[in-house]
Amino acid sequence: MTNKLDSKDRSEGDREKSRAYQREFWPGILAYTVVLIGVLVWGDLDGNSPWRFLWAVLPVIPALWIVRAVLRHVRRIDDYQRLLLLQALGGGFAVAMIASVTLAFLEIAGLSVPGVGWIIYGAGMLGWIVSGAVVGRR
Amino acid sequence: MKNQLKTLREDRGWTQGALADRLGVSRQTVNALETGRYDPALPLAFRIARLFGQPIESIFTPPEEQDVAES
């Protein structure tokens, strides 16, 4: 009896919140991917057209949808889950900041690193994922 | 902070998920509460007390009372 009661299965409330998040998050990711492909194919970002700047910022629109989905998810989850999320985000933020400062110093020292923004983005996301896994296991 | 949550839940034959649904929190949160990794905020503590029909202080033991009991 005790073993059955110690089940690690998610509750129905957990599943419903997760379903709601997926319903709002994945259309945003899909739209973001479509816009990103459109920008890369037709944006002519390394060309000379003045429109290329508009193309470059176009992915912000679907990205805002993703931000909305995440914020709504944060409102749905409980205090403890928000605490874990905050710790994970803090870890990701710290990694992104350290990467940013390190790359800035390398640039001052004369080392030109291409795609700095992407490196910082990747470091921050990786930091968020790893921190999330660590705090979730405690 | 120590608490009687696991005992109270098991007495009623509920899984952590079932208790989580009754309290409107995640199973992960119930697990953190039972293992003492997370102390609930007042609104959740009152929901727990109401659900089990007991005062908060009979479910949760403040650290200073734990020290007295252990000494």
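The values are calculated or read from the model by the stated rules, or taken from the named source; none is laboratory data. It should be emphasised that the depicted structure is a prediction, and the values quoted were computed from it without experimental measurement. Backbone-built Cβ (ideal geometry, glycine too); neighbour counts: all protein chains shown. Only protein heavy atoms, including side chains, enter the accessible area calculation; ligands, DNA and RNA are left aside. Shrake-Rupley method; radii C 1.70, N 1.55, O 1.52, S 1.80 Å.
Table for the structure above
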{"quantity": "Computed log₁₀ I(q)/I(0) - Debye formula, equal Cα scatterers, no solvent, region A:11-77, q 0.23, 0.29 Å⁻¹", "calculated": "-0.88, -1.13"}
{"quantity": "Angle between chain A longest axis and helix A:60-76 axis [Cα atoms, degrees, rounded to 10]", "calculated": "20"}
{"quantity": "In nm, spacing of pseudo-spin labels at B:Leu51 and A:Leu40 (7 Å Cα→C-beta vector)", "calculated": "4.6"}
{"quantity": "Fraction of alpha-carbon pairs over 15 Å apart in region B:2-70 - percent", "calculated": "50"}
{"quantity": "Directionally averaged shadow of region A:78-138, computed from the convex hull of its alpha-carbon atoms, nm²", "calculated": "4.2"}
{"quantity": "Convex hull volume per residue in cubic angstrom - Cα atoms of region A:1-118", "calculated": "162"}
{"quantity": "Computed [θ] at 222 nm, deg cm²/dmol, chain A (DSSP H ≥ 4; -39,500 (n - 2.57); rounded to nearest 500)", "calculated": "-27000 deg cm²/dmol"}
{"quantity": "Selection of trypsin sites (Lys or Arg not before Pro), region A:62-103, meeting DSSP coil and at most 15 other Cβ within 10 Å", "calculated": "none"}
{"quantity": "Cα radius of gyration and Dmax for the protein assembly as shown (Å)", "calculated": "23.5, 78"}
{"quantity": "Evaluated at q = 0.20, 0.22 Å⁻¹: base-10 log I(q)/I(0), Debye formula over Cα of region A:1-48", "calculated": "-0.76, -0.81"}
{"quantity": "Accessible surface of the protein assembly as shown [probe 1.4 Å, protein heavy atoms]: carbon and sulfur percent", "calculated": "65"}
{"quantity": "Where A meets B: accessible area buried, both sides, 1.4 Å probe, Å²", "calculated": "1500"}
{"quantity": "Using a Förster distance of 22 Å, the FRET efficiency for A:Ile119-A:Ala94 (Cβ separation, nearest 0.05)", "calculated": "0.90"}
{"quantity": "Backbone HN-Hα couplings from phi across region B:32-48 [Karplus 6.51/-1.76/1.60, Hz, Gly and Pro as x]", "calculated": "5, 5, 5, 8, x, 7, 9, 9, x, 6, 3, x, 5, 4, 5, 4, 5"}
{"quantity": "Long-range amide H partners of B:Ser26 with built H, under 5 Å", "calculated": "A:Asp78"}
